[in-house]
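> This is the structure I have questions about; it appears just below.
Since every read-out is calculated from the coordinates, none of them should be taken as a lab result. No experiment lies behind these values; they were computed from the predicted model shown. Note that each Cβ is placed from the backbone with ideal geometry, even for glycine, and that neighbours are counted across all protein chains shown.
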Amino acid sequence: MNNHLKGLIITTLGVLFVVPDSLFVRLIDAEPLVTAFWRGMISGLIILLVVPVFQGVAGFSAIFRTGWPGLIYTLLLGTTAPAFVFAVTYTSVANAVFILASTPVFAAIFSRIFLSEPIITRMAVTMLAVLVGMGIIAYGSGETGLSSWQGDLWAVYVAVAFAAALTALRKVKEIPMVAAIPIGYIGAALVIAQFVSPLPPFETQWPLILAHGTFVAVATCLLTLGPRFISSAEVSLLILLESVLAPILAWAVIGEDPGLWALVGGAVVIGALIVSNLVALRSHP
């Protein structure tokens with residue numbers, strides 16, 4: 001098996017493991033902060049155990065040499081865990097994942113500001129289309145009982161924070177940062193633990209909670225490994241699968257109707273990103 005095919009398989013599996021993330025948030029009967037605590041703690045502990053197997057202790061020591069970029073990456077990554085739970089809790093799954101699909105747009109903006117990278121015409125057109133799509137989603141946020149602008153804003157924060165984290169990561173791209181993930185996740189969980197009592201829900205729903213954390217951990221590891229072997233455009237296209245499959249899964253399992261405006265806005269966002277990435281692939285095969 002060549003490296004390209006390996007990258008496609010690993011990344012696709014990573015996306016498939018992350019698809020049920022929002023459904024787990026819906027199914028777990030607990031306060032959002034409790035769900036966020038267990039999501040971060042369990043996935044963080046699993047990744048913490050996996051890192052030494054592949055990188056040894058050196059994997060952890062290396063991230064402490066990354067300075068401010070490494071610290072920013074770790075802190076931002078930690079905040080995305082509870083923010084994602086808030087997003088899915090307070091708006092529809094469709095709204096949340098369609099908005100999260102805009103991450104590459106924010107990444108391009110941050111790369112222009114902090115890395116002095118030019119925004120090419122293709123990306124500028126994509127940004128405009130994505131903004132239109134997000135506007136349509138926001139317009140329809142009152143259409144269903146599950147959608148709200150508060151949840152939409154949390155989803156926007158996750159997209160912005162993750163894009164900023166990826167930009168910081170590029171400043172230290174020569175250093176593997178997988179070991180920073182459990183630090184961010186577990187650190188966020190420990191902060192959340194000061195405000196909630198996470199044990200009661202775990203006692204009655206531990207299989208669901210453990211499954212949630214395990215899926216997130218596996219997805220995180222695979223999505224860290226796979227993109228090493230394929231282009232960024234291919235990664236972006238594969239990750240868009242989550243935006244398509246997550247609302248379908250929520251619709252099939254719990255009957256969550258995303259609403260017409262969410263579907264229209266999501267189609268604009270995903271369509272723009274698909275066209276943009278296909279153009280990028282044709283330009284740089």
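> Project the alpha carbons of region 3-283 onto their principal axes and report the range along each, largest first, in whole Å.
Result, largest extent first: 44, 43, 34 Å.
> Tell me which DSSP H helices of the chain clear both cut-offs, 20 Å or more of axial length from alpha-carbon atoms and a mean Kyte-Doolittle hydropathy of at least -1.0.
3-18, 32-55, 67-90, 121-139, 149-171, 199-225, 232-254, 260-283
> Per 0.36 nm of contour for each residue apart, how much would the distance between residue 31 and residue 211 grow if the chain were fully extended, relative to their Cα-Cα spacing?
Additional length available on full extension: 63.0 nm.
> With a 10 Å radius around each residue's Cβ, average the other Cβ atoms per peptide and rank 198-205, 14-21, 93-100, 221-228, highest first.
93-100, 14-21, 221-228, 198-205
> Quick one: putting +1 on the C-beta of Lys and Arg, -1 on the C-beta of Asp and Glu, what dipole do you get for the chain around its Cα centre, in Debye to the nearest 20?
Its charge dipole is roughly 980 debye.
> Based on the Cα atoms of region 141-253, what semi-axes does the equivalent ellipsoid have, where each is the square root of 5 times one gyration tensor eigenvalue, given in whole Å with the largest first?
Over the Cα atoms of region 141-253, the ellipsoid semi-axes are 26, 22, 17 Å.
> A further question on this structure: For the chain, build the charge dipole from Cβ charges (+1 Lys, Arg; -1 Asp, Glu) around the Cα centre, then report which of 75, 241, 230 sits farthest towards its positive end.
Going by the charge dipole, the pick is 230.
> How do 139, 90, 73, 185 line up, fewest other C-beta atoms within 10 Å first? Mind dumping the intermediate values first?
Working: 139 13, 90 20, 73 25, 185 29.
Least crowded to most crowded, the residues run 139, 90, 73, 185.
> Please state the relative contact order of the chain as a whole percent: Cα pairs under 8 Å, 6+ residues apart?
For the chain, the relative contact order is 41 percent.
> Could I ask something else about it? Nothing charged except the Cβ atoms of Lys and Arg (+1) and of Asp and Glu (-1): what's the magnitude of the dipole of region 148-285 about its Cα centre? Round to the nearest 20 debye.
Computed about the Cα centre, the dipole is about 560 debye.
> Based on the alpha carbons, how large is the Rg to Rh ratio for region 15-112 when Rh follows Kirkwood? Don't skip to the answer; put the middle values down first.
Numbers: Rg = 15.7 Å, Rh = 15.5 Å.
Using Cα coordinates only, the ratio equals 1.01.
> Want the number for residue 112 to residue 241: 0.36 nm per residue separation, take away the alpha-carbon distance, what's left?
Additional length available on full extension: 43.8 nm.
> Per DSSP H run of at least 4 residues, take -39500 (n - 2.57); add these up for the chain, divide by its residues and hand me the 222 nm value, nearest 500 deg cm²/dmol.
-27000 deg cm²/dmol
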